[in-house]
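The values are calculated or read from the model by the stated rules, or taken from the named source; none is laboratory data. Quick caveat, the model's predicted, so the values are computed rather than measured. Cβ coordinates were reconstructed from backbone atoms using ideal geometry, including for glycine residues, and neighbour counts include every protein chain displayed.
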Amino acid sequence: MTARAVSPRGQRIAVIPGDGIGVEVTAAARRVLDAATARHGIALHYDEFDWSCARYAREGAMMPPDGVDRLRPYDAILLGAVGWPGVPDHVSLWGLLIPIRRAFRQYVNLRPIRVFEGVASPLRDAPPGEVDFVVVRENVEGEYSEIGGRLNRGFPDEFATQQAVFTRAGVSRIVDYAFDLARRRRSYLTSATKSNGIVHTLVFWDEVVAERAAAFPDVRWDAEHIDALAAKLVLQPRRFDVIVASNLFGDILSDLAAAVAGSIGIAPSANLDPTRTYPSMFEPVHGSAPDIAGQGVANPVGAVWSAALMLEHLGHPAAASDVLAAVEACLADPATRTRDLGGTADTDTVTRALVERLGHHM
Ligand SMILES: NC(=O)c1ccc[n+]([C@@H]2O[C@H](COP(=O)([O-])OP(=O)(O)OC[C@H]3O[C@@H](n4cnc5c(N)ncnc54)[C@H](O)[C@@H]3O)[C@@H](O)[C@H]2O)c1
C-alpha cells in the first residue's frame, strides 16, 4: 500500500468529459469545484482528455492504447458519461470505463442516495430528509466477468456461457468496506443476496458476510434476497443505511435507488480504490442523455455531487460538505431546479447559483 504524496503543485485531476451531456455537466462541476477550492485554499490541477465515442468514431478506439498508463499518475479521475447512438454500449463501456475500474482496482462502487427537500420522490413513503442510504457495489468481479464464450454460432445448438467469479479476497474487502462505512453512519448493514436460488456463489457470499460481521459487533446487519430487497427499497426506503451487493445486484439496486430519490440527474457515484494505490474515479450515475444533449438543460447536480465525493476522497471534507450544502439549498429553491425535477432552470442557472452560494458565507 502506497499512500500518494501531495505535490506542491496540488493534487492532479484527470477530467474525461466523454459524450453528450457528460461534457456539459463536467464543465458545470469544474466551475463549482473552482468556487469550493478557492473558498478553502485548495490547489487542484486539471488535465482534460477527449476520450469518448466521438474519438471512437474518429480513431477507432475510445482511448489510446496507453490510456490507462496516462491516467496512473493522477490523484483522481472526474468523468462525465460515455455512450452515443451508433457506438454499441458494450464498446463504450468495455473500451473505457471497465478497463479503468479494473486496472486501478476500484473495487468499491459507492452510490449515496438521498431524498432532498424540494425533490419529489415518486414514492408516497419517502419524505425529504428521511431517506438517506448508500449502496456499496462490488465493482471488479462477480457477474461481470470476462470468463465465458459462445459456441456453435448460428446453429440450433448455439449457446453462451458467462462465469460469475466470487473470490474470498474480493468479497471480504467489499464487505469490510461496507461494514466500516456503516459504523461511521447509522450502524446498520443490509447484504443483498439470492442464496436460495444461486447456490454456489451467493451461499459463499453469505458465509463471508457472516464471517466478516464478527469483526464489527457494533453494526447490526441482515441479509435480504434481491427480489424482496427491491420491493422493500420501494415500500420502506427509510429503513436502509448501507446496502452491500455484488456487481450485478448493486448495479440494478443503485439505479432503482436513484429513481426512488426523485431523478437520475442528481445521483452521484465513486469508483474507489480504498488502498489509494491507484487513482479513484468519480462520475454521475446518469449516461450521456442523447435526447437532451446540446440543449443546456441537463441537471448538473449528479456531476457536482460526484465532485464533492472526490473532494472528500482527496482529504477535503469541509469543502465537500460545503458543496453538498450548496446543492441542498439549490434544490430547495424552485427557481434553481432543472426540468427533470419539474423546474425550469437550465444547467447554467443552477451552476451559477451553486457557485454564488459557495462564494458567500455559509
Ligand atoms: N457511466 C456512464 O458513462 C453511463 C451510464 C449510463 C448510460 N450510459 C450511456 O449513455 C447513453 C444513454 O443512455 P440512457 O439513455 O439509457 O441513460 P441516460 O442516463 O443517459 O438517460 C436516461 C434518461 O434520463 C435523462 N437524464 C439523464 N441524466 C440527466 C440529467 N443530468 N439531467 C436531466 N435529465 C437526465 C435523460 O434525458 C433520459 O431521458 C447510452 O449510450 C449508455 O450506454 C453511460
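Restricting the first residue to the range 337-349 and requiring it to be touching a residue at least 40 places away in the same chain (Cβ under 8 Å) and in a loop (DSSP other than H, G, I, E, B), which pairs with a second residue that is within 8 Å of the ligand (Cβ to nearest atom) and of a type in the set (A, V, I, L, M, F, W, C) meet a Cβ separation below 9 Å and a spacing of at least six or different chains?
Close Cβ pairs satisfying both conditions: ASP346/VAL297; ASP346/ALA298.
Could you identify the single residue in GLU138, GLU117 that is under 19 Å from the mean Cα position of the chain (by Cα) and more than 16 Å from the ligand (Cβ to nearest atom)?
On the way: GLU117 fails: under 19 Å from the mean Cα position of the chain (by Cα).
Of GLU138, GLU117, the one residue that is under 19 Å from the mean Cα position of the chain (by Cα) and more than 16 Å from the ligand (Cβ to nearest atom) is GLU138.
Please go through the range 7-23 and give me each residue that is within 13 Å of the ligand (Cβ to nearest atom) and out of contact with any strand residue (DSSP E or B) (no Cβ under 8 Å at 6 or more places or on another chain), ordered by number.
Restricting attention to the range 7-23, the residues satisfying the condition of being within 13 Å of the ligand (Cβ to nearest atom) are 16-23.
None; the set is empty.
For the range 106-173, which strands (runs of 3 or more DSSP E) that fit wholly inside it have 2 or more residues that are without any contact (Cβ under 8 Å) to a residue 12 or more places away in the chain and farther than 30 Å from ALA326 by Cβ?
On the way: elements: 108-114, 132-138, 148-151, 159-162.
Answer list for the range 106-173: 148-151.
Consider the range 111-167. How many of its residues are modelled with pLDDT of 95 or more, touching a Gly at 6+ places or on another chain (Cβ under 9 Å) and of a type in the set (A, V, I, L, M)?
5
Kindly establish whether SER306 is polar (S, T, N, Q) and under 16 Å from ILE113 (Cα atoms). Can you show your working first?
Working: polar (S, T, N, Q): yes; under 16 Å from ILE113 (Cα atoms): yes.
So SER306 passes the test.
Hey, among the residues in the range 70-89 that are more than 9 Å from the ligand (Cβ to nearest atom) and part of a helix (DSSP H, G or I), which one's nearest to ILE292 (Cα to Cα)?
Out of the qualifying residues, it is LEU71.
Condition first: away from the ligand (no atom under 11 Å from the Cβ) and either closer than 15 Å to ARG357 by Cβ or among the polar types (S, T, N, Q) (or both). Now tell me which residues in the range 306-317 satisfy that. Steps first, answer last, please.
Of the range 306-317, the ones away from the ligand (no atom under 11 Å from the Cβ) are 307-317.
If the condition is that a residue be away from the ligand (no atom under 11 Å from the Cβ) and either closer than 15 Å to ARG357 by Cβ or among the polar types (S, T, N, Q) (or both), then ALA307, ALA308 are the ones that fit.
Where the second residue is surrounded by 20 or more Cβ atoms within 10 Å (Cβ to Cβ) and among the acidic types (Asp, Glu) and the first is within 16 Å of ILE42 (Cα to Cα) and lies in the range 10-32, which pairs have Cβ atoms under 6 Å and are six or more apart or on separate chains?
GLN11/ASP75; ARG12/ASP75
Can you report the number of residues in the range 307-348 which are crowded, with 19+ Cβ neighbours inside 10 Å, among the polar types (S, T, N, Q) and more than 16 Å from ALA267 (Cα to Cα)?
Residues flagged as crowded, with 19+ Cβ neighbours inside 10 Å, among the polar types (S, T, N, Q) and more than 16 Å from ALA267 (Cα to Cα) within the range 307-348 amount to 1.
Considering every residue within the range 267-285, establish whether at least one is closer than 29 Å to ASP125 by Cβ and touching a His at 6+ places or on another chain (Cβ under 8 Å).
Let us first name the residues in the range 267-285 that are closer than 29 Å to ASP125 by Cβ, namely 267-270, 284-285.
Add one more test, that the residue is touching a His at 6+ places or on another chain (Cβ under 8 Å), and what stays is 267, 270.
For the range 267-285, residues closer than 29 Å to ASP125 by Cβ and touching a His at 6+ places or on another chain (Cβ under 8 Å): present.
Under the condition of being in contact (Cβ under 8 Å) with a residue 60 or more places away in the chain and assigned to a helix (DSSP H, G or I), which residue from the range 214-248 is nearest to ILE174 (Cα to Cα)?
First, pick out the residues of the range 214-248 that are in contact (Cβ under 8 Å) with a residue 60 or more places away in the chain: 234-238, 240-248.
Okay, now just the ones that are also assigned to a helix (DSSP H, G or I), so 234-235, 237-238, 247-248.
Working: VAL234: 25, LEU235: 26, PRO237: 22, ARG238: 23, ASN247: 11, LEU248: 14 Å.
Here the answer is ASN247.
Table: residues versus (1) within 16 Å of the ligand (Cβ to nearest atom); (2) within 30 Å of ASP340 (Cα to Cα); (3) at pLDDT 95 or above; (4) surrounded by fewer than 22 Cβ atoms within 10 Å (Cβ to Cβ).
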| site | (1), (2), (3), (4) |
| --- | --- |
| LEU202 | no, no, yes, no |
| PRO217 | no, no, yes, yes |
| ASP222 | no, no, yes, yes |
| VAL244 | no, yes, yes, no |
| SER254 | yes, yes, no, no |
| ILE264 | yes, yes, no, yes |
| SER269 | yes, yes, yes, no |
| THR277 | no, no, yes, yes |
| GLU283 | yes, yes, yes, no |
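I'm told ALA303 meets every condition in (1) within 11 Å of the ligand (Cβ to nearest atom); (2) part of a helix (DSSP H, G or I); (3) free of Cβ contacts under 8 Å to residues at least 40 places away in the same chain except one. Can you identify the failing condition by its number?
Failing condition for ALA303: (3).
For (1) more than 24 Å from HIS90 (Cβ to Cβ); (2) assigned to a helix (DSSP H, G or I), each residue gets a yes or a no:
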site	(1), (2)
GLY287	no, no
GLY296	yes, no
VAL327	yes, yes
CYS330	yes, yes
ALA335	yes, yes
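From the list ASP346, ASP333, pick out the single residue that is within 16 Å of the ligand (Cβ to nearest atom) and of a type in the set (D, E, K, R). Before you say what the answer is, go through the steps one by one.
On the way: ASP333 fails: within 16 Å of the ligand (Cβ to nearest atom).
None of the others qualify; the one that does is ASP346.
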